Amino acid sequence: MAVIEEFLGKRVEIPDALRYHTKQGFWVKPQNEDLVFGLTEPALILAGGINDLDWLVAEGQDVSAGESIVFAITGKIWYIEAPTTGKISFNSAAKAKPSLILEDPYCQGWLFKIKPEKKMDGQLMHFATSQEYLQSLQSSDGVKNPKGLKGGVSGICKAVYTGIRDQKI
């Protein structure tokens, strides 16, 4: 298991047994004929948690890779896209209790399953290994701001926070 000790002030784990969709921060694992997807701890921290979810497509519907399938309210509004093409099913427990995603992101906190339209043999190879995902996080705000300091690390954020602090109201 890969671990980042300080990622925006938190310790995060990246299990080796899973594959990853680096663009959206999904973990993925095979289960029977389905690919199960959930959000990684780093993705959840960067998003500011999950406050609410809504499915944008119907249970059992065919979805295309890149299609918006979940509407999530985090620290901002987030449209989550299907990482692959196939028939979708959702985790109703996660919708009923979004905190489950934060409490157990790599097991019970999964978001959806997709039964790929193509054979699953080569499907997992399209997703990153834990080490590749870890490497993709190196340029993220979580790694750049390991202590989770307010105001972030970007020059613009620092300038805004410094400017606000210096104002005389």
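Can you find, within region 39-82, the residue that is surrounded by the most Cβ atoms within 10 Å (Cβ to Cβ) among those that are under 30 Å from G9 (Cβ atoms) and β-branched (V, I, T)?
The residue in question is T40.
Quick one: would you say K168 is basic (K, R) and at pLDDT 80 or above?
No.
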Considering each residue of region 73-87, count those that are part of a loop (DSSP other than H, G, I, E, B) and under 14 Å from N51 (Cα atoms), and give that number. 3
Cβ-Cβ under 9 Å pairs, at least 6 apart or on other chains, region 97-112 side touching a residue at least 12 places away in the same chain (Cβ under 8 Å) and more than 14 Å from V28 (Cβ to Cβ), far side among the acidic types (D, E) and in a strand (DSSP E or B): P98/D52
Between E81, E41, E13, which is among the acidic types (D, E) and modelled with pLDDT under 95? E13
If we scan region 48-58, do we find a residue that is of a type in the set (V, I, T), in contact with a strand residue (DSSP E or B) (Cβ under 9 Å, 6 or more places away or on another chain), at negative phi and touching a residue at least 60 places away in the same chain (Cβ under 8 Å)? no
Mind checking whether some residue in region 88-102 is in contact with a strand residue (DSSP E or B) (Cβ under 8 Å, 6 or more places away or on another chain), over 16 Å from I14 (Cβ atoms) and in a loop (DSSP other than H, G, I, E, B)? yes
Limited to region 124-151, what total is found for residues that are more than 11 Å from T22 (Cα to Cα), polar (S, T, N, Q) and part of a loop (DSSP other than H, G, I, E, B)? 2
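Return the residue satisfying two criteria in turn: it lies in region 103-123 and is outside any strand (DSSP E or B) and charged (D, E, K, R), and of such residues it is modelled with the lowest pLDDT.
If we filter region 103-123 for residues that are outside any strand (DSSP E or B), which is where we start, we get 103-111, 117-123.
Of the ones still in play, those that are also charged (D, E, K, R) are 103-104, 117-119, 121.
Numbers: E103: 93, D104: 94, E117: 84, K118: 78, K119: 74, D121: 66.
Going through the qualifying residues, I end up with D121.
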What number of residues within region 41-77 satisfy the criterion of being of a type in the set (S, T, Y) and touching a helix residue (DSSP H, G or I) at 6+ places or on another chain (Cβ under 8 Å)? 1
Flagged in region 44-78 as small (G, A, S) and either at pLDDT below 95 or closer than 27 Å to D16 by Cβ (or both), in numbering order, are A47, G48, G49, A65, A72, G75
Exactly one of (1) surrounded by fewer than 20 Cβ atoms within 10 Å (Cβ to Cβ); (2) in contact (Cβ under 8 Å) with a residue 60 or more places away in the chain is unmet by V12. Its number? (1)
Quick one: in region 25-38, of everything that is farther than 10 Å from W110 by Cα, of a type outside the set (D, E, K, R) and surrounded by 17 or more Cβ atoms within 10 Å (Cβ to Cβ), which residue is nearest to the chain's Cα centre (by Cα)? G25
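The values are calculated or read from the model by the stated rules, or taken from the named source; none is laboratory data. Computed from a prediction, not measured in an experiment: that's the story for all the values here. So basically every Cβ, Gly included, is an ideal-geometry build from the backbone, and we count neighbours across all protein chains shown.
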